[in-house]
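See structure below.
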Amino acid sequence: MNGEKVNLSDTFRAYPSLLESMQDYVSLIQGQERYAKAAPLSWDPERYFDEIQKAGYATDPEYASKLK
């Protein structure tokens, strides 16, 4: 918080296959209002990564830049 590293404990989903994980990811992004700006940008990776980060997808403040 406020630029300081914070360790979090949280739960994560597990999937029996890569395909099922990808299908769930797409459902999450398309089904949540918070990602409404990101979903139509999936064809533009740089803008897409920025928008899902702004929407709170990841806790890492460098998430989008690391993906780029």
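Measuring nothing but protein heavy atoms, the accessible surface of the chain at 1.4 Å probe radius is 52 percent carbon and sulfur.
Using the alpha carbon gyration tensor of the chain, what are the three equivalent-ellipsoid semi-axes (square root of 5 times each eigenvalue), largest first, in whole Å? Those come to 21, 18, 11 Å. Using the 1.4 Å probe convention, the accessible area of the chain works out to 86 Å² per residue with neighbouring protein chains retained. Full extension of the chain segment joining Tyr15 with Tyr63 gains 15.1 nm, where the gain is 0.36 nm per residue of separation less the Cα-Cα distance. Maximal additional length on extending the Leu8-Val26 stretch stands at 4.0 nm, based on 0.36 nm per residue less the C-alpha distance. In a DSSP loop and with at most 14 other Cβ atoms within 10 Å, the GluC sites (Glu not before Pro) in the chain are Glu4, Glu62.
The values are calculated or read from the model by the stated rules, or taken from the named source; none is laboratory data. Being a predicted model, the structure only gives us computed values, none of them experimental. For neighbour counting, all protein chains shown are included, and Cβ atoms are generated from backbone atoms with ideal geometry for every residue, glycine included. All accessible areas refer to the heavy atoms of the entire protein, side chains included, with ligands and DNA or RNA removed. Shrake-Rupley method; radii C 1.70, N 1.55, O 1.52, S 1.80 Å.
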